[in-house]
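Enquirer: One structure, as structure tokens, below. Some questions next.
The values are calculated or read from the model by the stated rules, or taken from the named source; none is laboratory data. Computed from a prediction, not measured in an experiment: that's the story for all the values here. For neighbour counting, all protein chains shown are included, and Cβ atoms are generated from backbone atoms with ideal geometry for every residue, glycine included.
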Amino acid sequence: MLQVKIIRDEKQRILTGLRKRNWQGAQLKVIDQIIALDDDRRATQKELDDLLAEQNRVAKQIGQLMGQGKKDEAENAKSGVAAMKEKSKEREEQLESIKSRLEDLLYSVPNIPHKTVPKGKTPEENKVFRAWKGELPTLPAEAKAHWDLAKDYNLFDLELGVKLTGAGFPVYRGQGARLQRALIQFFLDEAVKAGYEEIMPPHLVNEATARGTGQLPDKEAQMYTCERDNLYLIPTAEVPVTNIMRDEIVPEKNLPIKMTAYTPCFRREAGAWGAHVRGLNRVHQFDKIEIVQIEHPDRSYETLQGMLKHVMGLLKKLELPYRILLLCGGDMGFASAKTYDFEVWSAAQQRWLEVSSVSNFETFQTNRMQLRYRDADGKIQLAHTLNGSALALARIVAALLENNQTDEGIRIPKALQKYTGFSMIKR
RNA sequence: GGAGGAGUGCCAGAGUGGUUGAAUGGAGCGGUCUUGAAAACCGCCGUACUCGUAAGGGUACCGGGGGUUCGAAUCCCUCCUCCUCCGCCA
């Protein structure tokens, strides 16, 4: 959520930013509506405060008169209070209504893209930030996609998932399950080595938490809900982990705060099904290791680059061909100011699969969350939040299986072998 | 799940209807003293909104929400959380 103050002070920059997200014409009027409503809010607030101040004054006066034993005068002073109370009640209701309308409008405005974010409407207009420099692996004609390999080697079973739960809930087994566990362990170890504190958060969160990172109200349809208890299954560890710092004021010297967590991720992916979502390409439950940083605004873009390096390191160790995209304004997530996507090459499918998304949210989340730091002058400022997948398992597994298939079995990258305990998946 | 108790500032902990945003202590920050440090002493030490160029005002907040009252941290209702005991249980 953007700060009203910034919308007021830097209106032109905000409008320019929204245009980069392909907002136009009537849509942009929201900004003027917000400013007008905020004017209203201030005026109403002032009226209410003045009324309350007067009531406080009378109450104090009555207190003093009572103290002096002047009962009659005290009774006298009470006349007129009722009318004032009625009026302030009215103003208060007005103020509540204005505030809630204002909040609704603010929730509808996405984050402003960073100045380095390219223009564009569709994923096709994303910029290749770092192309794969080597050769892409080529496989013999009889090479199989990962869903077929899974059957050959008994690695995971989607039909079985349907039996237990429904479509999109894979059951991993045998060497497949072991591979999952190995990847989780590997990614967590790497993150801890890079200075992130390991966190094991709850997999269900309440409404305030879902609101803090922006899942509510924008992406409600993406989450599984437990209505009876008013809880949400997390779509990513970002949600509980970032919210650890909600409503905190941290000393500047504690920044950056670096946290990592492995969690399963649950996504409804409503309406996202199509021909290209076979196998593990898109599932409702997958495993992901997330890295999160709370950073000083002056350093957050440097930190973003650092997070890219971390993810690059992981992919290198997994020996997977990858490329990095800089997302254009039209393809970026609602809350992000700048996002890089990582894609790995899936050799059997002959396509790139997104395995990580690394973003700087600037103050968009911290404003909602009231996550702030105290600077050297003692002033309280909103911190920046960043996060990235490091990494999302399902598609990594897909690429790993496909790219490394040989006549003898499926080769495990060296870095992973000490975690799997085997160097080759065999029948 | 049942019974009882409790939720106050960064922490500990007073406060049971009237100038209480909240005693006191600790921590922290600044200063005096000291070669330096400690101790001692002095001062500062909440957040948000709002009016104001500023100085400085105003309002709200003592777990959340609602109510009673001229006036609520203090009384009432409700929800949440924590603690103790019992039950159940990986």
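Enquirer: Could you please let me know if A:ARG57 is loosely packed, with under 13 Cβ neighbours inside 10 Å, among the basic types (Lys, Arg) and not assigned by TED's automatic domain parsing to the domain that holds A:SER346?
Expert: yes
Conditions tested, residue by residue: (1) within 26 Å of the chain's Cα centre (by Cα); (2) assigned by TED's automatic domain parsing to the domain that holds A:TYR340.
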| site | (1), (2) |
| --- | --- |
| A:LYS115 | yes, no |
| A:PHE129 | yes, yes |
| A:LEU136 | no, yes |
| A:ALA145 | no, yes |
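Enquirer: Note down all Cβ pairs under 7 Å where the first residue falls in region A:313-330 and is farther than 21 Å from A:LEU136 by Cβ and in contact (Cβ under 8 Å) with a residue 24 or more places away in the chain, the second is charged (D, E, K, R) and assigned to a loop (DSSP other than H, G, I, E, B), and they're at least six residues apart or on different chains.
Expert: As it stands, the answer is A:CYS328/A:LYS119; A:GLY329/A:ARG21; A:GLY329/A:LYS119; A:GLY330/A:ARG21; A:GLY330/A:LYS121, since those pairs meet every condition given.
Enquirer: Let me ask another. One residue is enough: does region A:269-290 have a residue meeting the conditions within 30 Å of A:TYR224 (Cβ to Cβ), surrounded by fewer than 18 Cβ atoms within 10 Å (Cβ to Cβ) and of a type in the set (D, E, K, R)?
Expert: Yes, the conditions are met somewhere in region A:269-290.
Enquirer: Another one. What about A:ILE7, is it part of a helix (DSSP H, G or I), within 24 Å of the chain's Cα centre (by Cα), buried (at least 16 other Cβ atoms within 10 Å of the Cβ) and within 16 Å of RNA strand B (Cβ to nearest atom)?
Expert: yes
Enquirer: Does region A:382-396 contain any residue that is touching a strand residue (DSSP E or B) at 6+ places or on another chain (Cβ under 9 Å) and over 28 Å from A:ARG130 (Cα atoms)?
Expert: yes
Enquirer: Restricting to region A:17-45, and then to whatever is free of Cβ contacts under 8 Å to residues at least 40 places away in the same chain and of a type in the set (S, T, N, Q), can you tell me which residue is farthest from RNA strand B (Cβ to nearest atom)?
Expert: The qualifying residue farthest from RNA strand B (Cβ to nearest atom) is A:GLN24.
Enquirer: Would you confirm whether or not region A:51-60 contains a residue that is more than 7 Å from RNA strand B (Cβ to nearest atom), in a helix (DSSP H, G or I) and within 30 Å of A:GLN3 (Cβ to Cβ)?
Expert: Yes, the conditions are met somewhere in region A:51-60.
Enquirer: Taking region A:311-328 on its own, how many of its residues are crowded, with 19+ Cβ neighbours inside 10 Å, more than 17 Å from the chain's Cα centre (by Cα) and in a loop (DSSP other than H, G, I, E, B)?
Expert: Summing the residues that are crowded, with 19+ Cβ neighbours inside 10 Å, more than 17 Å from the chain's Cα centre (by Cα) and in a loop (DSSP other than H, G, I, E, B) in region A:311-328 gives 4.
Enquirer: Further, regarding this structure: Could you tell me whether A:PHE334 is assigned by TED's automatic domain parsing to the domain that holds A:THR260 and part of a strand (DSSP E or B)?
Expert: no
Enquirer: Only one of these is under 30 Å from A:GLN27 (Cβ atoms) and within 14 Å of RNA strand B (Cβ to nearest atom): A:LEU65, A:LEU48, A:LEU102. Name it.
Expert: A:LEU102
Enquirer: Name the residue, out of A:LEU179, A:LEU188, that is assigned by TED's automatic domain parsing to the domain that holds A:SER356, assigned to a helix (DSSP H, G or I) and either among the basic types (Lys, Arg) or in contact with a strand residue (DSSP E or B) (Cβ under 7 Å, 6 or more places away or on another chain) (or both).
Expert: Every option except A:LEU188 fails the conditions.
Enquirer: Condition check: under 15 Å from A:SER389 (Cα atoms) and surrounded by 22 or more Cβ atoms within 10 Å (Cβ to Cβ). Does A:THR303 satisfy that?
Expert: no
Enquirer: Could you tell me whether region A:130-149 includes any residue that is in contact (Cβ under 8 Å) with a residue 12 or more places away in the chain and under 30 Å from A:GLU47 (Cβ atoms)?
Expert: Among the residues of region A:130-149, not one is in contact (Cβ under 8 Å) with a residue 12 or more places away in the chain and under 30 Å from A:GLU47 (Cβ atoms), which makes the answer no.
Enquirer: When you scan region A:72-96, how many residues do you find that are in a helix (DSSP H, G or I), without any contact (Cβ under 8 Å) to a residue 12 or more places away in the chain and within 13 Å of RNA strand B (Cβ to nearest atom)?
Expert: 10
Enquirer: Quick one: A:TRP23 ticks every box in (1) outside any helix (DSSP H, G or I); (2) more than 27 Å from A:GLN12 (Cβ to Cβ) except a single one, so which number is it?
Expert: (2)
Enquirer: Quick one: in region A:374-414, of everything that is within 16 Å of RNA strand B (Cβ to nearest atom) and within 15 Å of A:ASN243 (Cα to Cα), which residue is surrounded by the most Cβ atoms within 10 Å (Cβ to Cβ)?
Expert: A:ALA383
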